[in-house]
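Note sheet for the following structure.
Quick note: the coordinates plus some simple rules give every number you see, no bench work behind them. Since this is a predicted model, take the numbers as computed values, not measurements. Quick reminder, even Gly has a Cβ in these numbers, built from the backbone with ideal geometry, and neighbours come from all protein chains shown.
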Amino acid sequence: MRRDIFQAIADPTRRAILALIALQAMTPSAIADHFDMTRQAISKHMRILTECELVKQDFQGRETYYQIEIDKMKEIDKWLEQFRKIWENRFQQLDQLLLTIQKEK
């Protein structure tokens, strides 16, 4: 079964991992140091993120570094954009209502 990016980001640990490696590429051990779980559990999360192409592996000698895949993150942002427009419209309506109420006082 192939997972999609939204299944991958549904898990809070995977979202935390993405936030962590957004700042810099990290090894699995360095990532695991930030969480209270086994390295095997982190490896499972990394496997899912890699399978969904949200992270990519960079091999440097014996070390594997994980880094965020920006193009896939843009796909999430594109999907969220439709909701962002709705939220902004509602905030503008609320601002107008508050201004109207304030003028009436």
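Report, in order of residue number, the helices in the chain meeting two criteria: a C-alpha extent of 30 Å or more along the helix axis, and a mean Kyte-Doolittle hydropathy of at least 0.0; treat each whole DSSP H run as one helix.
The answer is none, since no helix passes both cut-offs.
Long-range amide H contacts for residue 25: which residues qualify at under 5 Å (H placed 1.01 Å from N, peptide plane, sequence gap of 5 or more or a different chain)?
Answer set, sorted by chain and number: none.
Taking N as the number of residues in the chain, what is its Cα Rg relative to 2.2 N^0.38 Å?
Its radius of gyration relative to the 2.2 N^0.38 Å reference: 1.52.
Please list, by residue number, every one of the trypsin sites (Lys or Arg not before Pro) in segment 45-97 that is coil in DSSP and has at most 13 other beta-carbon atoms within 10 Å. Let's see the in-between values first.
Values: sites: 47, 56, 62, 72, 74, 78, 84, 85, 90; in loops: 62.
When the trypsin sites (Lys or Arg not before Pro) of segment 45-97 are filtered for loop state and at most 13 Cβ neighbours within 10 Å, 62 remain.
Could you tell me which of 18, 30, 86 has its Cα farthest along the dipole of the chain towards the positive end, charges placed at Cβ (Lys, Arg +1; Asp, Glu -1), taken about the Cα centre?
So the residue we want is 86.
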